[in-house]
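Participant: Have a look at the structure that comes next, please.
The values are calculated or read from the model by the stated rules, or taken from the named source; none is laboratory data. Keep in mind it's a predicted model, so treat the numbers as computed, not measured. Glycine gets a Cβ as well: all are built from the backbone with ideal geometry, and neighbour counts include every protein chain shown. Remember, those area values only see protein heavy atoms, side chains included, never the ligands or the DNA or RNA. Shrake-Rupley method; radii C 1.70, N 1.55, O 1.52, S 1.80 Å.
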Amino acid sequence: MITVSSKDFLQIPILEFIISAEKVAHVQLGNNAEHALLVLTKTGYSSIPVLDVKYRLQGLISSQQITDEILGLEHIEYERLPDLKVDDIMKKDIAVIHVDEKFQKGLDLLVDNPYICVVDDEKTFLGILTRRVILKQMKKYLYQAQ
Ligand code: 2BA
């Protein structure tokens with residue numbers, strides 16, 4: 001059996017673990033909050049990336065952020081959803097990882113984030129690295145080391 005040392009394992013490129021962009025639910029700059037909430041609800045994800053027309057990463061939007069934005073004193077103001085733009089609600093200060101990075105960097109970032117957006121030099125969105133995928137790889141590695 002071929003075993004991999006933990007040092008080698010941590011140096012594996014993240015490229016092979018990425019969920020590619022075409023499989024990732026996202027919204028675009030300029031979309032309204034109603035559309036974003038629809039996509040989030042339909043896909044079941046709590047947060048998704050926001051991209052521009054050139055597929056560059058601009059931020060992340062979550063159902064929690066949208067609900068928070070329309071929370072009035074007495075009730076949730078759903079009627080405001082069509083007039084709100086994702087641009088004004090999304091989180092812009094987000095962790096990203098370069099496509100050429102290694103497993104170790106991904107692991108470090110996923111401690112505090114459920115997923116990390118993967119970009120190239122031009123900030124083009126290439127996909128995401130999720131906790132689930134990374135945990136699956138860790139499990140495989142730990143079980144083979146037994
Ligand atoms: P959450 O939406 O909070 O999902 C947390 C975990 O729940 C996911 O972990 C996954 O194991 C499960 N889960 C949620 N919705 C699912 C669905 N529709 N189908 C299958 N499993 C689902 P991870 O897979 O590690 O994902 C971490 C986070 O990455 C997710 O957090 C979501 O924000 C984002 N994500 C994952 N896959 C995505 C995709 N294809 N498109 C957009 N965002 C995605």
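Participant: Would you work out the charge dipole size for the chain about its Cα centre, treating the Cβ of every Lys and Arg as +1 and the Cβ of every Asp and Glu as -1, and quote it to the nearest 20 debye?
Facilitator: On the way: 17 positive and 21 negative charges, 173 e Å.
Dipole size: approximately 840 debye.
Participant: Could you work out how far apart the two model spin labels at residue 121 and residue 7 are, taking each label as a point 7 Å from the Cα in the direction of the beta carbon, and quote it in nm?
Facilitator: The two pseudo-label positions are separated by 3.0 nm.
Participant: Stretch residue 16-residue 41 to full length: gain in nm at 0.36 nm per residue minus the Cα-Cα span?
Facilitator: Values: separation 25, 0.36 × 25 = 9.00 nm, distance 2.87 nm.
Difference between extended and current length: 6.1 nm.
Participant: For residue 92, which lysines qualify as cross-link partners when the Cα separation must be under 18 Å and same-chain residues fewer than eight apart are set aside?
Facilitator: Excluding near neighbours in sequence, the set is 54, 123.
Participant: Further question: For residue 56, list long-range residues whose amide hydrogen, built 1.01 Å from N in the peptide plane, is under 5 Å from its own amide hydrogen.
Facilitator: It is 125, by chain and number.
Participant: Next question, about the same structure. Treating the angle as unsigned and between 0 and 90°, give the value, to the nearest 10°, between the Cα long axis of helix 131-144 and the longest Cα principal axis of the chain.
Facilitator: For 131-144 against the chain, the angle is about 20 degrees.
Participant: For region 1-145, state the average projected area of the convex hull of the C-alpha atoms over all orientations, rounded to one decimal in nm². Could the numbers behind the result be given before it?
Facilitator: Numbers: hull surface 40.5 nm².
Across all orientations, region 1-145 yields a mean hull projection of 10.1 nm².
Participant: Just name one of 40, 117, 20: the one whose Cα is farthest towards the positive end of the charge dipole of the chain (beta-carbon charges, Lys/Arg +1, Asp/Glu -1).
Facilitator: 20
Participant: Right, next: Does a label point 7 Å from the Cα of residue 131, set along Cα-to-beta-carbon, have any residues of region 40-64 with amide nitrogen under 13 Å, and which are they?
Facilitator: In region 40-64, the label zone of residue 131 (backbone N under 13 Å from the point 7 Å along Cα→Cβ) covers 46-47.
Participant: Mind pulling the angle between the C-alpha long axis of helix 33-43 and the longest principal axis of the chain? Nearest 10 degrees, somewhere in 0 to 90.
Facilitator: 40 degrees
Participant: Moving to a separate point now. Roll a 1.4 angstrom probe over the protein heavy atoms and tell me the percent of accessible area of the chain that is carbon or sulfur.
Facilitator: Working: 4870 of 9220 Å².
Here it works out to 53 percent.
Participant: Sticking with this structure for a sec: For the chain, with every protein chain kept in place, what is the accessible area per residue (1.4 Å probe, Å²)?
Facilitator: 63 Å²
Participant: Let me ask another. For residue 105, which aspartates and glutamates qualify as cross-link partners when the Cα separation must be under 20 Å and same-chain residues fewer than eight apart are set aside?
Facilitator: Candidates past the 8-residue exclusion: 8, 16, 93, 120, 121, 122.
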